[in-house]
Structure formats: structure tokens, C-alpha cells
1. Just a yes or no: is a residue in segment B:187-196 under 22 Å from residue B:156 (Cα atoms) and in contact with a strand residue (DSSP E or B) (Cβ under 7 Å, 6 or more places away or on another chain)?
2. Do we have any residue at all in segment A:172-179 that's touching a residue at least 60 places away in the same chain (Cβ under 8 Å) and either assigned by TED's automatic domain parsing to the domain that holds residue A:122 or within 18 Å of residue A:118 (Cα to Cα) (or both)?
3. Please specify each residue of segment B:183-203 satisfying the condition of being farther than 21 Å from residue B:133 by Cα and buried (at least 16 other Cβ atoms within 10 Å of the Cβ).
4. Just to verify a result, which residue in segment A:295-312, among those that are buried (at least 17 other Cβ atoms within 10 Å of the Cβ) and either within 17 Å of the chain's Cα centre (by Cα) or not assigned by TED's automatic domain parsing to the domain that holds residue A:170 (or both), is farthest from residue A:17 (Cα to Cα)?
5. Quick check, is residue A:264 part of a loop (DSSP other than H, G, I, E, B), touching a residue at least 40 places away in the same chain (Cβ under 8 Å) and either within 14 Å of chain B (Cβ to nearest Cβ) or buried (at least 20 other Cβ atoms within 10 Å of the Cβ) (or both)?
6. How about segment A:151-167: which of its residues are outside any helix (DSSP H, G or I) and within 13 Å of residue B:261 (Cα to Cα)?
7. Conditions: (1) in a helix (DSSP H, G or I); (2) in contact (Cβ under 8 Å) with a residue 60 or more places away in the chain. Residue A:139 meets all but one. Number of the miss?
């Protein structure tokens, strides 16, 4: 087990190195660059731009820049944003908090609702409930989040005035209730799609289990329906869900760009887009590394958990 | 980034005209009392309560005004800092930190323009309570030449020498050559405190840069990156105002969302990039909101690369211009909001020439012009003369749907006069990089602001020597050459009699209108919105950001 984890660790390290190299190269080769936003100012001469580039170390050879960045990274210095001069980790940390609140809430909602719907749909296959939920899931999966977000704002904020039209909190308030009121709409919009995803997966997984021989055996043994449901059916159907959850971890922390934009939520998705737009290389690289690490951790954790809960799988 | 290529408030080396503007400022102080400071004690009595939310679609991130920044950052500078003096909407100067605007008449500037004397108001305090002194002004004026600081620009500052503090509220300097735009430079020089940089090894990462201290109407409170900045009223402000306690500058990147939050009441004033034209019809009837169209300093044009053989013949340029159906473009695509124009000069400017020949959309006339000039249609229907085909590419920012529609529309119109226009659009970073700066295009559709503040000088854009593609330095990317305009620009920079200057710049507009190095389409206008209860926001074509007079805003 330890050997397996260690092996995966070294693999991951190599992968991270490759990701960072490709990311750095592609970023640097993209047209524009961090100074292009200033190039349009009258009076901003090419000479002045070159001087700033030199001061920022932008016109050194690419490999030199890369190894400079890498050597700082391994010592824990992720650099500073070109835009506001703040340390990259501070910036990511601030946005991660906003994203965690939003994505955490919507994921808890989506997983609990989605798995429940999935189980009930599978057990009551071809019932009115199953058909209704299938149709609902198809609709939810087809609605563009952007549109749904705006519709939600139109009805619940503009027409009914129940919830704010966006933002994470009211500046100057910041009470728990205030946070919750701001959270409802974006979390609902995000959860809608996720409920659909989780319910479809869970339905399939449950159906796979329900028709297995051991369920029939359990019934034949005279086990109670509740015990069969929770211990044998749900327990086994959740195994593939763990893998799904592992795959969702980076998405969870990577933020939801569209929802964040519609609800002006200062999360990771918008940070990534803004940083890309301004060619803020240190922040983009920081985000790239963070998400790469999360993908690797998510996958590893999912594999380990599946191995721990499913006796049929052994890690070598 | 703005899609139109508005110039950030930058400084054109060729502006030599502001000295005379200074003369006008003295007179204006009589008619604009609210803009001028009263005693600090008086200001402290100002009623400062409540909160105002001002939304921008770009995020302010650079708070040191001397470091590289974009337009939206200046929105913060006006709240946090003060300049010595500033431009009002009529293009006149009014004093801010200076006790009076220096002019030749009041002895602040010597007759030859070389010796300057600035007197500061008494009793102005920094947000941390320390007094503002002439040392701070000296520090600020010298900062752009600090070799270790990443600075935005050095224009103007590098001509200053012997900056001498003669008393805590007075300083003098001499200039290495007369440079009238210096006053316009100073109108965009926000004064920052010397003491905030004492003992700081690297000014690029000084704590000040993320926790600014100014003398402005609002003090820094906190910033939530990617979301908002909170400022609070400076009770000791040296001018009238501020009139509310908390200013929230909210970053809302999506314009639809910004408008929705304006409708819902979450946003009090819609700032930079404003309400999109397609929402105007609805917005102007919203209860409790005031929505107004305001002209900007940016004009949209069909720019020609004057080095291309196709555009050497004036008849071709005139024919192309006659084939542009401006009215349809403005009404059908831009919701009738911008105003057609014949020049680069904003119609609000005192230098605007209103007597230029009016454009007329006339395909028959365009065809006749080309026929008369000997451009004959070939077998493919494209006109040709002396081996030069009337065929060219047109480029603009890829993804700008309005401009893409304009292009398709023009393509059709030009086809009707035997001219082939191919569309070749590029992503912004490529389009406005070397492709534009080194004139690698045939034609472009571009939104340009060629003025700095109220100054009419445009040497940087129209002087023959200002074309990088011809080896010059500047932004004459149309590669326009006119000995007459060159001479007029030079003369305008050395003329100090207001009426004479007006005549010169009106003449320049006339020559350029006749030469047509670019085909002027319209002057941009934007749709500004605020809660009706908010008073104070005033369009000012001479300052590029909404909060230029935030000290006067009331909720």
C-alpha cells in the first residue's frame, strides 16, 4: 500500500513537471503578453515598454524564466501577480474561500439530492417518478447555466425581491444570514445541473447492483428491505460514485466560471479568466499547478478509498 | 479591456498648448464655485453618511498612479488622491491641491514658459494625518525618473529640473524647454506621500501600492480581490465633500449582469463600459433611474494605410467615404446612440470645427468619382488603374460583433462601386500589437481617442514624423503625411492667443477632413446610468473616467 502510494507520488511529480513546462511554454508563446494592455496608451513608447519588460525579467530567454520560476516554486515562493503585486498563494487563497463556500454548498445539495433521486428512480424504475426525474435531468443538463442564472435573477431578485441579484455578501453587513441569502440563488443554479448528473449516475449504478445475484441471495436469506437497501444496494452503488467524486474535486475547487460571472461571485473560475485575459503569468501558472495537483490528489484519493471500501480491488 | 482602442490617459509628447488653457482657468473659478475648495473646517461639516456602489466592468488593481495602469485604475485615483489641478467639462482648469492654477497672468509660469511656481493650499492632510507639503509634490514629480521603479511614462517629467522646495507649501522648477502640455501632464499627476516610501527598498512592492494613502475625498479601507474595493469618507477633506460615508467600487465583468444589478438596485452608478446600447430603450424608462447618453472622446473611423498604392488617389478615398451609409450603420447597428462626425475632435470640445463639409451617402456619386479618375472595372467587376486593383483587406478586433456587421455591410456597399474589400480580423492582442502599431494593415476599423484632456494637440497622431512604419515615433499609424498639417501643428504648439489657436486647430480638422486619411464614421457615446437620487456624476470628455468629480457626488 505504502509502496503504491509512493509510486503514485513520484509519477505525479513527473506529471506536474510536464504540466508546468507545457503550461509555461504555451503561455509565453501566446500573443500579447502582460504589457500589451499598456501598449495602447499614447506616450507609452516601445522603449518604455522594453524597459518595464527588462525590469520584470520578461525578456530573458524562456528556459531561464522557466527555471527561475520553478526554483522559486520548490521553495514555496509562487511569485507575485503582475496585476496587483500580491503573492500568488494569497490571491488563490482568497478566491478559494469564495469558491469553497459556493461549490461546497451546491455539491452537498447536489450529492444528497442527486443520489436519493437516483436510488428511488432505480428502485421504482419506469414509475411516474422515474420518468419525471429523467425528463427533469435532461432539461437541467440542456439548460445553459448562464441563461438559467439570469432567469433565476429575473424572477427571484427583480420580480419577487426574495434574494439579491448577485455578490457574495452586502458590504458592511457580512452576517451569516446575509451570506446565506446571497448563496441561495447561485448554489441553486449550480446544484440543478449537478443533481441531474449525480442522479443519472446513481440511477445507473443502483440498477447495476439491484440485478446482481447477491441481492437475490440477500432477499432469499430473508434480510429486511432496509438492510438490503442501505447495506447491499446503496453501499455497492456508491463505489463508482467515489470515483466520480474524485474526478469532481478539481471542478469543485476550480470554480464555476459561468455561475461566478452571472452572480458576481469572486471565485477561482473568474480569477482564472481575468488572469488569462491580462496575461498574469504567475497567477495563471499558480492556478494551473493548483488544479493539476487537485486532479492528481482527487484521482489518488478516489483510488485509495475505492480500494479501502471495495474488497474486490487490491492496489499493487 | 475596452474593445475600442481608447487611449489610456497618456501623454503625447507633441502637446504644447496647455499654457494658454491656464489663462482661462482663472475666469472659470468664478462660475464653478462648487468645484473649488473651501476651508478644511468647512468641509468637515459636510454631511457624510450612507453608501454608494459604483460598478466598473474592469477591475482596478494598480493603486500606485505612477506605475503602469489602465483606465479603470484612474477611477480609484480620483477618489484616493488629488492632482494639483484638473480639467472641468468645459476644458478649463480648476485648482485642487494648488491654491491657484499657475498661469502666465498670475506669475505661476514665466512668459517664456520655462519657470514654474506652484503654491499649495494650506492645511491639507494625508489620510494618515500627516500634513501635505511641497516635499511630497517634489517627490511625486521626481518619481517617474526613478530608474528602479516600473513607471507608466516619463513624458513631461523628464523636462523638469531644479525642483526646489521654497517653503512647506511652495515649490519652483525650471523646464529644459518650453512644454505647454506640462499643465495637462500635471492634471493627471496624482500626488502621493513621500513618507510612505521612506525606508522602502523596492518601491515596486511597497506596502503603499496595496494600501494607498492619499489626500483625496475617500480613504482606503479594504479590497476584496476580484470583487470590490471599499473606501470611506475623508472627514478632513480640503474641499467641499465628500457627501457620503462609504464608497464601494464593485467589479462586475459582465455588462448584462452589471445592468441587471443596476435594475435591481444593487448598483447605484453604472461606471466604465456602462449600459450596453441594446439596453438603452428599456433603461431610459426605468423608474427611479436616470439614464443619459454622453459623448466620449473616442471616434470610430475606417482608417486607411496611406502607404498602400490603392489609397494614393484622393478620388478613391472620397468615393469610399461616399459609399459608407453612416445613418444605417448608426441607427441599425448602434441603436442610434453615437453621433455621426466629420472629425476626430469631440463635438463637446471648444476646438470642434462644426463647419466641415457634411458627409453624403451617395453610391452614384462614388461611382462617378472613380469613373472620372480613370478607375475602370475589369472582367471581375473590380476597378483598376495603372496596374493597381481597388482591392484591400479590412481588419478589426475579432469577436466585436457590431464591427463585424459593419464590415459585412461596407463590403456590400463597396462592391456596388467596384471595390473589393476582404475581411481579415485578428484577436485583440495581435490586432493592436505590431499589426496596428507598425501599419501592417490595409484598412482598419478603429475607435481612437487622440486627445489628452482638453488639449487639442494631436501631433502624436497626425505629424508626418510620428509614423513608426516610416521610422518615426508616435501613433500616426495611418501614415498620413501633410506638410500643411505639420506646419499647423507646429504653429498651434507655439501659439498662446486662444482665438488664434482655435483657428489653427479648426483648420487642421478641415485639412484632414479633405485629405481623408481615415473615413470618420461617428463619435462614440455611452449610455450612463445612475439612481435618480444620486447627483453629481457629470460627463466630462476631458477626463476619461466617471469618478473624476466623485468629491461632489451626493446620494
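1. There is at least one residue in segment B:187-196 that is under 22 Å from residue B:156 (Cα atoms) and in contact with a strand residue (DSSP E or B) (Cβ under 7 Å, 6 or more places away or on another chain).
2. Yes, that holds for at least one residue.
3. B:184
4. Taking the candidates together, the pick is A:302.
5. yes
6. Correct list: A:161, A:163, A:164, A:165, A:166, A:167.
7. Unmet condition: (2).
Listed here are the residues, each with its yes/no results for (1) touching a residue at least 12 places away in the same chain (Cβ under 8 Å); (2) under 23 Å from the mean Cα position of the chain (by Cα).
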position	(1), (2)
B:97	yes, yes
B:107	no, no
B:118	yes, no
B:122	yes, no
B:131	yes, no
B:153	yes, yes
B:161	yes, no
B:180	yes, yes
B:183	yes, yes
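The values are calculated or read from the model by the stated rules, or taken from the named source; none is laboratory data. Quick caveat, the model's predicted, so the values are computed rather than measured. Here Cβ is always computed from backbone atoms with ideal geometry, including for glycine, and neighbour counts include all displayed protein chains.
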